[in-house]
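Every number here is computed from the coordinates shown, using simple stated rules; none is lab data. Values in this document were obtained by computation on a predicted structure and should not be read as measured data. All Cβ positions, even for glycine, are placed from backbone atoms using ideal geometry, and neighbour counts span all protein chains on display.
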Amino acid sequence: MPYLRAVRRRRRSRLRTSVKLAVVCCTLLAFLAVGDRWAALYAENKAAEKVQQSLRLHARPEVHINGFPFLTQVARGRLDHVEAAVPDVPAGRVSVAQVRGDVRDVRIVGDLPSSVRGAVLGRMKGHVLLDFDDLDRELGTSQVTFTAGGRHTVRAAGELPVAGKEVKVRARAHLQRTGDHGVGTTVDDMRLVVPGLFSFTPGTGKDAGLRLSRPLAQRLRHDAAAARSLFGVRSVAERFGLTPERARKVRHSERELHRVTGAPKFVDRVMRLNMLDVVVEHPWLLKRIGVDPALVEALKRIEEPKLADKLALHVSLPKMPGDVRLRRISVAKEGIRAELTGVDIPFGSAAAKGEKAAARHAARRTAAGNG
């Protein structure tokens, strides 16, 4: 029995020792993990600071260093995987709402985590968002708003003072990349709308011309005098399929007039009429149907290229070090998106060294050319 009690005591002693060692090991690992995470957070903060300084940003970006343990990456002087989100990047007259990047193979310049002087981003992929709300706000002086119109199309809408009236401008802008760093649009399918009266499409295409709005077409249905004036123009009567004799009866007979204007498709047929050539030959008709002739003349004088320029959109990313390019531009509900790619992008002192080297290279080429 004394022997068994001694064995049990030795087993309990060994168990207590093992437990203590396990607790000590867990504590050390916890301290190492906390220390590793603290060092990573400190490095993230320093990296965000360098990016903000390099790009001259108003807001500090978010930087997340992935991978564990972090300190082994520090020892190698390279980070395997870094994620970054940069808000409000200046891009000319507007700001890019957000740039998100996924970076691989970051080479550190300096000593992590305390004295980071710069870095070289080996490979970067990400996306850029140009938010429609930001465009509407920052381009507010032009009174133009942008909305999605398709995968590569943006709808532009604004207002233009013409002959004392606020005329609504509608257009379709086709998206395209301008070089490797910019986004631009070419504008077509423009329409100028005078609410409640008519729409005017400049140009010479099949849709060009002046067409009455639905409220005005419906008013003609109930305004006998205006309807008689409309059918008093031979070309209009012919477009309704009326012979000269039938057109005369329509103008002089309440019953015949009501038969034509009361037809279910009368309003739609009036709206499809291109009235521009009609009003050129019969300017008096405008006043009879309730349209100011001076307004139409002012709209006809608007030059299509100048109007397109007012509705066009041109945005360029700020100058960045390294080979950074925009790819695959598309239109989403919230704004314009583009893929972003980059190779060997220097930041901080690495960028400064790159600029000096480029300047020296350019000076040598100039000297060689002069020689």
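Taken one residue at a time, the phi angles of the stretch 57-65 give Karplus couplings (6.51, -1.76, 1.60, θ = phi - 60°) of 8, 7, 10, 6, x, 9, 10, 10, 9 Hz. Gly and Pro are set to x. Backbone geometry of the stretch 287-297 corresponds, through the Karplus equation with coefficients 6.51, -1.76 and 1.60 at θ = phi - 60°, to 3J(HN,Hα) couplings of 4, 5, 9, x, 10, 6, x, 5, 5, 5, 4 Hz, x marking Gly and Pro. Glu245 sits among other residues whose Cβ lies under 14 Å from its own Cβ, and their net charge, with Lys and Arg +1 and Asp and Glu -1, is +3. Sites listed here are trypsin sites (Lys or Arg not before Pro) in the stretch 236-311 whose DSSP assignment is loop and whose Cβ has at most 11 other Cβ atoms within 10 Å: Lys265, Arg301.
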